Amino acid sequence: MISTTTEKEEEEESVSIYLRCKTAAEEQTTTTTTTTTTTQQQQHESSSSSGIYAEFSLALYRTDHTLSHITHCPTITKFGRKRRGYPTFISRHELFRRENKLIDERVGGTVTVVVSIQLYAEEGGCSNSGGGGDILGVGGYRRPDLIANGSGSSKVKTMEYFVPNMEKNVYCRLLRLWEEANPGIDRCCNIDVKEEVDSRSRTLHSSDVTFSIDGETLHAHSLILNMMAPTLASLCTSSDSDDDDDDDNEGNNNVPIPIVGVRVEIFRYLLRYLYGGSIPEDVWNKNNSNIFQHPSMELLDASNRFGVVDLKILAEVHVVQTLICIENASDLFLYADANNCALLKERVLHYFKDNAQEIRRHPSFQKVKESTDALDQLIEALTSSREYDDGRMSVDMLRRKLHERGLDVDGSREMLIQRLAKWEENKEARAKARARSCM
C-alpha cells in the first residue's frame, strides 16, 4: 500500500509531500483486531525491518490536465517504518497562484498529487540498510512483479534488463557485408540504407565471388552462398575448377561467373535475401499481364533454380495468394508440376475443381491436353472425392511437420510424403533399438 501525506511548513511557507509504503502483511496486521501472538509479532518486526525498496517520482496535477513540478528520486530508497519524501516540495505562494492551476476549486480546493513508484526486492545477502540506496542495477536489488497472494506475501520476478537481440544483430551484420560488397546497389533498388559504408571496416573487401549479369557485376561471399544457396555455390566451385586448368587465370580466384536467364534486379533481390534482407512489398505487388514476367514468378523461378528454398516457398505463397486466375491456371499447373512447386500445384488443382468449365474453354488449356501425364493428374483430381491423400494432409501441413523435424521442406508432394514416412520409420526403429538396449 502507498499513502501520500501533504503537510504545510509554516516557518518556511512551503508544502511537504511524504510517501509511506507498507507490505500487504503490514497492512493486514494494522487493520486486524485479533490478538497477535509473540511469534507473529517477531515475524512482523522482522518483515518491517527488511523494508521496501523503491524509486519514485512525484508531480502535481494541474486543472488543465497537465503535470507540473515533476520530481524524480534517482536512487532506490528504503521504506521502513519511516516515511520518505520532500519537506519543501513547493512553496505556498506558488501553490496558491491562480496562474499555476494547481488547486481545483470545483472539488473543495483540492490538490492532486501524482505518484509513480517502482518497487524492488532486496536480494538475499544484501546488507544495505541505509535510507538512500544504490542506483538501479547495483547493490543487490531486483524488480519484482508484486502480486499479493492469500497469505499476504508477494511473488517476485527478476527484472527484465536490456539484452541485445542477437538474431537481429546477426542479420544486420550480414546485410552490412552485402552493402559493403555492393555499395549503392540497395539505393538503386529503392531499398532504404541507414548508414554509409564505413571505409575502415575490416570486412569491406572480404567478398570472394563475382557474378556477371546483364553487363553488371555483383559481389558475394562463398561462405554465405554455401550455407544459404548450395546450388548457386556449386556454380562458383565449378568455375574455380575451370580456372585452375587455365594458365591465363592463374592466381585469380574472383573471375566473374556469368548468370543468364534472370533479370539483374531479380538476382539482386535473391542475393540480398541470402544475407537476411527482405523483399520490398512493392515488388510483390507489381502488375504484369505475362504471368512469367511477374516479379513473384521470377523470384520463384530464380530461387528454385539456385536452390534458395526459403525464398522459393515465400514466392510460391505470394503466387498462390494473388496470381491464380482462369487465364493462367493451365500454365501455372504445368510450371508447378515441372518444378516441384507442391503448394502451387495443389492450389491450382483446387482452382481447377471450382472453375473447370471456364479453364477448359480458355486457349491455354490446349497445353494441358498435349501432356498426357498432366491431363491424367487433372482427371484424377477432378474425380477424386477426397480432398487430400495420405492422412488428408495438405502440402502446407506436410511442410510444417517436416520443418518441425528439421527435414527438407522442398520437393513435390510425393517427395514430402516419402520424406516424412521415412523419418517416422527411423523413429520407430530407434525406439525399438532403445527398448532392446534396456532389456
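The values are calculated or read from the model by the stated rules, or taken from the named source; none is laboratory data. Note that the structure is a prediction, hence the values are computed from the model and not measured. Here the Cβ positions follow ideal geometry from the backbone for every residue, glycine too, while neighbour counts run over all protein chains shown. Just the protein is used for accessible areas: all its heavy atoms, side chains included, with ligands, DNA and RNA removed. Shrake-Rupley method; radii C 1.70, N 1.55, O 1.52, S 1.80 Å.
In the range 236-253, the condition of being open to solvent by less than 60 Å² (accessible area, probe 1.4 Å) and modelled with pLDDT of 90 or more is met by no residue. Considering 167, 179, the condition of being in a helix (DSSP H, G or I), over 30 Å from residue 15 (Cα atoms), under 40 Å from the mean Cα position of the chain (by Cα) and modelled with pLDDT of 75 or more is satisfied by 179 alone. Please indicate, with yes or no, whether at least one residue in the range 319-340 is acidic (Asp, Glu) and over 28 Å from residue 235 (Cα atoms). Yes, because at least one residue in the range 319-340 is acidic (Asp, Glu) and over 28 Å from residue 235 (Cα atoms). Here residue 393 meets the list (1) open to solvent by less than 40 Å² (accessible area, probe 1.4 Å); (2) at pLDDT 90 or above almost entirely, failing just condition (2).
Scanning the range 306-337 for residues that are open to solvent by 10 Å² or more (accessible area, probe 1.4 Å), assigned to a helix (DSSP H, G or I) and of a type in the set (Val, Ile, Thr) yields a total of 5. Checked across the range 360-376, the condition of being among the small types (Gly, Ala, Ser), in contact with a Gly (Cβ under 8 Å, 6 or more places away or on another chain) and open to solvent by less than 50 Å² (accessible area, probe 1.4 Å) holds for no residue.
Residue-by-condition table, conditions (1) of a type outside the set (Ser, Thr, Tyr); (2) in contact with a Gly (Cβ under 9 Å, 6 or more places away or on another chain); (3) at pLDDT 75 or above:
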{"residue": "2", "(1), (2), (3)": "yes, no, no"}
{"residue": "30", "(1), (2), (3)": "no, no, no"}
{"residue": "44", "(1), (2), (3)": "yes, no, no"}
{"residue": "53", "(1), (2), (3)": "no, yes, no"}
{"residue": "57", "(1), (2), (3)": "no, no, yes"}
{"residue": "63", "(1), (2), (3)": "no, no, yes"}
{"residue": "69", "(1), (2), (3)": "yes, no, yes"}
{"residue": "91", "(1), (2), (3)": "no, no, yes"}
